[in-house]
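Below is one structure, written out as structure tokens; the observations come after it.
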Amino acid sequence: MHRLTLAKNSNRTQRTIILLSPSTADPFGALVAGAKTKLRVRTKHIRFFALPTGAEITDSATLLHTLGSSANATVLVSSGEDYIGASAAAPPTSTTPIVHLAKSTYADPLSEAQLSAAAQLPGILLAVGQPDLHAGSKFPIGAAFVSDAWLHPPLIGSDIGCGMSWYRLTLPRAALAGKGACERIAETLRGLEGAWMTSRERSAWLGVENSSGVEKFDAALGTIGAGNHFAEIQTVEEGAELAGAEVLLLVHSGSRGLGGDVLGRFYSPQEEEGKSGQISIADEPERAKEYLALHDEACQWAHANRDLIALRFLQKLEPGGAWSCDSGTTIEDIAALRRKLRERKWVDIHHNNVVKTLWPPQGENEAPEPQKEVFIHRKGAAPTDAGHPLLPLPGSRGTPTLILKPLFTAANGFGGNHALSAAHGAGRSMSRTKASEKFRNRYDEASGARKKGDTSGEKRKKGDRGHNDGDFLAGGGGGGGGRKGKSTTKGDDEDGGWVVCEDKELVWEEAPEAYKDVESVAKDLVDAGVAEIVGRCVPRVTYKLRKE
Ligand SMILES: Nc1nc2c(ncn2[C@@H]2O[C@H](COP(=O)(O)O)[C@@H](O)[C@H]2O)c(=O)[nH]1
Ligand SMILES: [Mn+2]
């Protein structure tokens, strides 16, 4: 028999007790019923977390696993929000150094507990939580780990090679200014969802003969993907001389299904035989080689994917020959097109990957110290050592993208103190479930009419720098193909930006308020001596998804 105390996640003084016996047929169902009837939690987004770990309980199996043989246990009941609790951060059981860069920025206890837990994995020498740290399903996002002789594929996750690439556009700033300008540009961005050309051209773009893994995901090459991936036209408000352009295209995408396929060969959350997700290079050198080869292939694919997304945008934004190709285009022409495209590329980094490097880093003018080979695993962390002196720090579709200049000083161990990494974005401040629930309601309150329309357009305030996207208007309620309706007349100021996102849920999940304050993330990086801010871009047209 288990005596289960149910307490509200948001307010633990509200409690009740339920009893589970071995004969309870559906323990999770009993938990849900208890929470609904006794704690009056009525939402369909109900969630449960175990104390003191903060681990989420999603079904009877995880519930029984959590309870084990204990007679008494406490479970927190949430109305959709993430775990709230100070007791989640398990104290590290080893001496692995753990660096927390979130000082002004809030990092929830579950993400810190996940960071501590990951630091205990074999071979980890250093764990760094960036200011954008937030909880993942098991391991945190916004973190970097240095390991010695061990690989940990789940620390990188399934979207191997996900990253950000910046391309220079010839579009003048003026083309994005004035009433309706962004909407008109957004309107040209059509025909970008499906497969690009045929597999012959896609292979040429990749520059490889199709390997079996690549072939399986071939048709996705050049597509953005769902979730938080996007392609965004931005004006450079400060630092245009550094960027070499006044308008940029920022592409955020990864290896689509390919990376997940690779991870699945080495890791199963159910811990299937041989899929622990931990590879000792000394004990399993061939397996390590196999993972690294597939990982590198996924990273190359992700580079090619971002480049191809950029090409497709350039074909729309700069029509008339230079970027065009058709069925008569030769393989050599395709390869030449990619080279030409690369000339437009300013920055291209993976924020989910593992790289081998010499450790510890050394200053150019320092007396050489002995170094050894280590692996830096990054999950949502921008590499400061990838050969790009400047990096993007995107906030959200409604807040600026800052231009970061990483610093390498004796005081920061020449970048080693933060695992040669910086924050890769603002990072989520709440779960998708919570964002969806919260902004759906707000949206309703703001304008009932809007809820009926589609969600392909969203107005944004001119030069909005804050985290507060007060003009959060997702889509039109009526005419103009549903893009521009009643809702968009409000705040239809001279320079309103535009968001293309024809998926209501995604509009809410990705609301700017669902992310941390990018200025606070940047402040933590500056205060810790990780980087300085040298420029600022403002989103003008954000393309996430069209249903066509
Ligand atoms: N400029 C934009 N930034 C965005 C948008 N949606 C999300 N974001 C930021 O990017 C990172 C990406 O995080 P990842 O973990 O998915 O790689 C995220 O933390 C946000 O700060 C957008 O539409 N435009
Ligand atoms: Mn990403």
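The values are calculated or read from the model by the stated rules, or taken from the named source; none is laboratory data. Values in this document were obtained by computation on a predicted structure and should not be read as measured data. Counting neighbours? That spans all protein chains shown, and the Cβs are built from the backbone with ideal geometry, glycine included. The area values use the complete protein model at the heavy-atom level, side chains included, leaving out ligands, DNA and RNA. Shrake-Rupley method; radii C 1.70, N 1.55, O 1.52, S 1.80 Å.
Side notes on the structure shown:
- Mean Cβ neighbour count within 10 Å, used as a protection proxy, ranking 62-75, 155-168, 230-243, 507-520 highest first: 155-168, 507-520, 230-243, 62-75
- Computed lengthening from residue 58 to residue 32, 0.36 nm per intervening residue step minus Cα-Cα distance: 8.3 nm
- Kirkwood hydrodynamic radius over Cα pairs of the chain, then Stokes diffusion coefficient at 37 °C and 0.692 mPa s, in µm²/s: 133 µm²/s
- As a fraction of the 1.4 Å probe accessible area of the chain, surface on carbon and sulfur atoms comes out at 53 percent.
- For the range 290-295, 3J(HN,Hα) per residue [Karplus equation, 6.51 cos²θ - 1.76 cosθ + 1.60, θ = phi - 60°, Hz, x = Gly/Pro]: 4, 4, 4, 5, 5, 4
- Length gained when the stretch residue 95-residue 284 is fully extended (0.36 nm per residue, less Cα-Cα span): 65.5 nm
- Descending semi-axes in whole angstrom, ellipsoid equivalent of the range 2-78, from the Cα gyration tensor: 17, 13, 12
- Distant-in-sequence amide contacts of residue 543, defined by a placed amide H-H separation under 5 Å and a gap of 5 or more residues or a different chain, comprise 231, 232, 233, 500.
- Heavy-atom surface of the chain, accessible at 1.4 Å and reported per residue (Å²): 40 Å²
- Taken over the range 371-416, the convex hull of the Cα atoms encloses 95 Å³ per residue.
- Signed unit charges on C-beta, dipole axis of the chain, positive-most listed residue 204, 71, 5: 5
- Using θ = phi - 60° in the Karplus curve 6.51 cos²θ - 1.76 cosθ + 1.60, the 3J(HN,Hα) couplings for the range 303-309 round to 4, 4, 5, 4, 4, 6, 4 Hz; x is entered for Gly and Pro.
- Rounded to the nearest 500, the 222 nm mean residue ellipticity of the chain from helices alone is -8500 deg cm²/dmol, with -39,500 (n - 2.57) taken per DSSP H run of at least 4 residues.
- Shown in residue order for the range 153-168 are the 3J(HN,Hα) couplings computed by the Karplus curve 6.51 cos²θ - 1.76 cosθ + 1.60 at θ = phi - 60°: x, x, 5, 8, x, 8, 8, 4, x, 4, x, 10, 10, 10, 10, 7 Hz (x for Gly and Pro).
- Estimated distance in nm for a label pair at residue 193 and residue 523, the labels positioned 7 Å out from Cα along Cα-to-Cβ: 4.1 nm
- Rounded to 5, the percent of DSSP beta bridges in the range 2-78 classed as antiparallel: 65 percent
- When only the Cβ of Lys, Arg, Asp and Glu is charged (+1, +1, -1, -1), the dipole of the range 2-78 relative to its Cα centre reaches about 460 debye.
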